[in-house]
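Beneath this line is the structure, given in structure tokens, with notes to follow.
The values are calculated or read from the model by the stated rules, or taken from the named source; none is laboratory data. Treat the numbers as computed from the prediction; the structure is a model and nothing was measured. Don't worry about glycine lacking a Cβ; one is built from the backbone with ideal geometry, like all the others, and counts go over all protein chains shown. Only protein heavy atoms, including side chains, enter the accessible area calculation; ligands, DNA and RNA are left aside. Shrake-Rupley method; radii C 1.70, N 1.55, O 1.52, S 1.80 Å.
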Amino acid sequence: MTQVRPHGELVSLIGMAQARYAREIDDGDCTAWPEFFVDDCFYKITTADNYAQNLEAGLMWMDSKDMLRDRILSLLEANVYERHSYRHLLGQPYIREIEGDEVESETSFMVARITREGPTDLFATGRYIDRYRLLGDDPKLVTRIVVLDSNQIDTLLGFPL
Amino acid sequence: MTQVRPHGELVSLIGMAQARYAREIDDGDCTAWPEFFVDDCFYKITTADNYAQNLEAGLMWMDSKDMLRDRILSLLEANVYERHSYRHLLGQPYIREIEGDEVESETSFMVARITREGPTDLFATGRYIDRYRLLGDDPKLVTRIVVLDSNQIDTLLGFPL
Amino acid sequence: MTQVRPHGELVSLIGMAQARYAREIDDGDCTAWPEFFVDDCFYKITTADNYAQNLEAGLMWMDSKDMLRDRILSLLEANVYERHSYRHLLGQPYIREIEGDEVESETSFMVARITREGPTDLFATGRYIDRYRLLGDDPKLVTRIVVLDSNQIDTLLGFPL
């Protein structure tokens, strides 16, 4: 089942998955967000300081696709998206490790927050530490740890990153 | 005439065209800007709100390469570029649709504005909604709709995005 | 020795090298920074105005891998990294020229500066003008000229870009 793919091809494949993901959360309505994950996924948002110290605590964590679905439903009901929009810009994935049909990668990101009639500012920076399962040409996230660079986290932070 | 290209190859081809385009408007003098378009092109700048509501009105629109040339000539004569410079950073193109030798793609961007002796700030974010015609290895823009995330648009906005 | 590689493959190869580089300086401790260069490398930080006027003067220049090593050691001793962290986001490399097994490329970048408990801001923008020597799948920098867009340079600027 497992096929060996050249490094550059993996970067391209994961890069395309990242672009689809970013598009869904920036320009879609986020309802398809959970579909980027496998059923028994793990999703966590933490800070660089916590991550470096191996602290378990995260700002948010979810350990199944169902929890991701619940999260999105509550966000949509709360109409959180009306007030702001976001724009993610991602770096090229760095491949950390390849194990069978799973790949660990790191990807830097910047997120801008746009208040419709007001200013646009740099809302968050950090990196995704991902574990992708390669299923044909459609890699799914087994794990996504969102490591934020800053410790100063906006209290509204509840939306997908 | 039409050849089927793998998805990853299209992303790579369009990504290279986007990089050349950004370089011309950030680090060139913009005179080659119109050359990234076909003769009967359509170029429009609009906002996310207008785009979502299918409003025709744009902040700027041009429907031929000649109009793009005129625009650049007036900007160069007005020496608008002396005061500021810009830096575009683009995400990876997302392929929306492939029709014969034309490809529709979406690409996120952030633009920083640099005032030579003063601060640098995040000037604009948004996405390009593009239709590229593939001519060998040199894709040309048939349509570029620049969808700005914010409704608060700088009045100086007249330069290529 | 020299093999002709397709343009897209070069972009991919250099993009991967850039991603490794950015990861080392953002998320590593920078000790491996000099390893991205050949022994007799040239590294310079300058401004767009100086670069456009062909001024030799740079904000910082080093002409061997040993000088880069010394620089990093002094920075680590001074514990400069404790106070801030940085996040680099890079555009896709634009290939300027190919000469034998050396490639000249330009890559746009934005750097955010994160003060741990305070705000995150856009610290610097600019472009790398690079000359890479292709050694297998591990391109090394022969020359890196970091051209900053702004003339207003932070006095703390002494870390790798």
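Would you confirm, using the coordinates I've provided, whether A:D66 is modelled with pLDDT of 95 or more, surrounded by fewer than 20 Cβ atoms within 10 Å (Cβ to Cβ) and over 15 Å from the mean Cα position of the chain (by Cα)? Against the criterion (modelled with pLDDT of 95 or more, surrounded by fewer than 20 Cβ atoms within 10 Å (Cβ to Cβ) and over 15 Å from the mean Cα position of the chain (by Cα)), A:D66 qualifies.
Applying the criterion of at least 1 residues that are in contact with an Asp or Glu (Cβ under 7 Å, 6 or more places away or on another chain) and of a type in the set (G, A, S) to the strands (runs of 3 or more DSSP E) found wholly in the range A:29-136 leaves A:84-90, A:102-115, A:120-133. Would you be able to tell me the number of residues in the range A:22-39 that are more than 10 Å from chain B (Cβ to nearest Cβ), open to solvent by less than 30 Å² (accessible area, probe 1.4 Å) and out of contact with any Pro (no Cβ under 7 Å at 6 or more places or on another chain)? Qualifying residue count, the range A:22-39: 3. With respect to (1) within 23 Å of C:M16 (Cβ to Cβ); (2) touching a Lys or Arg at 6+ places or on another chain (Cβ under 9 Å), the lone exception for C:F123 is condition (1).
In the set (1) more than 10 Å from chain B (Cβ to nearest Cβ); (2) among the aliphatic types (A, V, I, L, M); (3) without any contact (Cβ under 8 Å) to a residue 40 or more places away in the chain; (4) closer than 22 Å to B:E106 by Cβ, the condition left unmet by A:M110 is number (1).
Condition (residue is touching a residue at least 24 places away in the same chain (Cβ under 8 Å), open to solvent by less than 30 Å² (accessible area, probe 1.4 Å), touching a Pro at 6+ places or on another chain (Cβ under 9 Å) and not aromatic (F, W, Y)) applied to the range A:41-56: is it met by at least one residue? Within the range A:41-56, one or more residues are touching a residue at least 24 places away in the same chain (Cβ under 8 Å), open to solvent by less than 30 Å² (accessible area, probe 1.4 Å), touching a Pro at 6+ places or on another chain (Cβ under 9 Å) and not aromatic (F, W, Y).
Tell me whether the range B:129-146 contains one or more residues that are closer than 21 Å to A:V111 by Cβ and either of a type in the set (S, T, N, Q) or at pLDDT 85 or above (or both).
So far as the range B:129-146 goes, yes, one or more of its residues are closer than 21 Å to A:V111 by Cβ and either of a type in the set (S, T, N, Q) or at pLDDT 85 or above (or both).
Filtering the range B:1-11 to residues that are open to solvent by 20 Å² or more (accessible area, probe 1.4 Å) and either aromatic (F, W, Y) or out of contact with any Ser or Thr (no Cβ under 7 Å at 6 or more places or on another chain) (or both) leaves B:M1, B:T2, B:Q3, B:V4, B:R5, B:P6, B:H7, B:E9. Taken over the range A:83-104, the residue count meeting the criterion of being within 14 Å of chain B (Cβ to nearest Cβ) and among the hydroxyl-bearing types (S, T, Y) is 2. Taking the range B:134-153 as the range and being free of Cβ contacts under 8 Å to residues at least 40 places away in the same chain and within 13 Å of another protein chain (Cβ to nearest Cβ) as the test, the residues that pass are B:G136, B:Q152. Quick check on the range A:118-133: of everything there that is more than 14 Å from chain C (Cβ to nearest Cβ) and open to solvent by 30 Å² or more (accessible area, probe 1.4 Å), which residue is nearest to A:R96 (Cα to Cα)? Out of the qualifying residues, it is A:R131.
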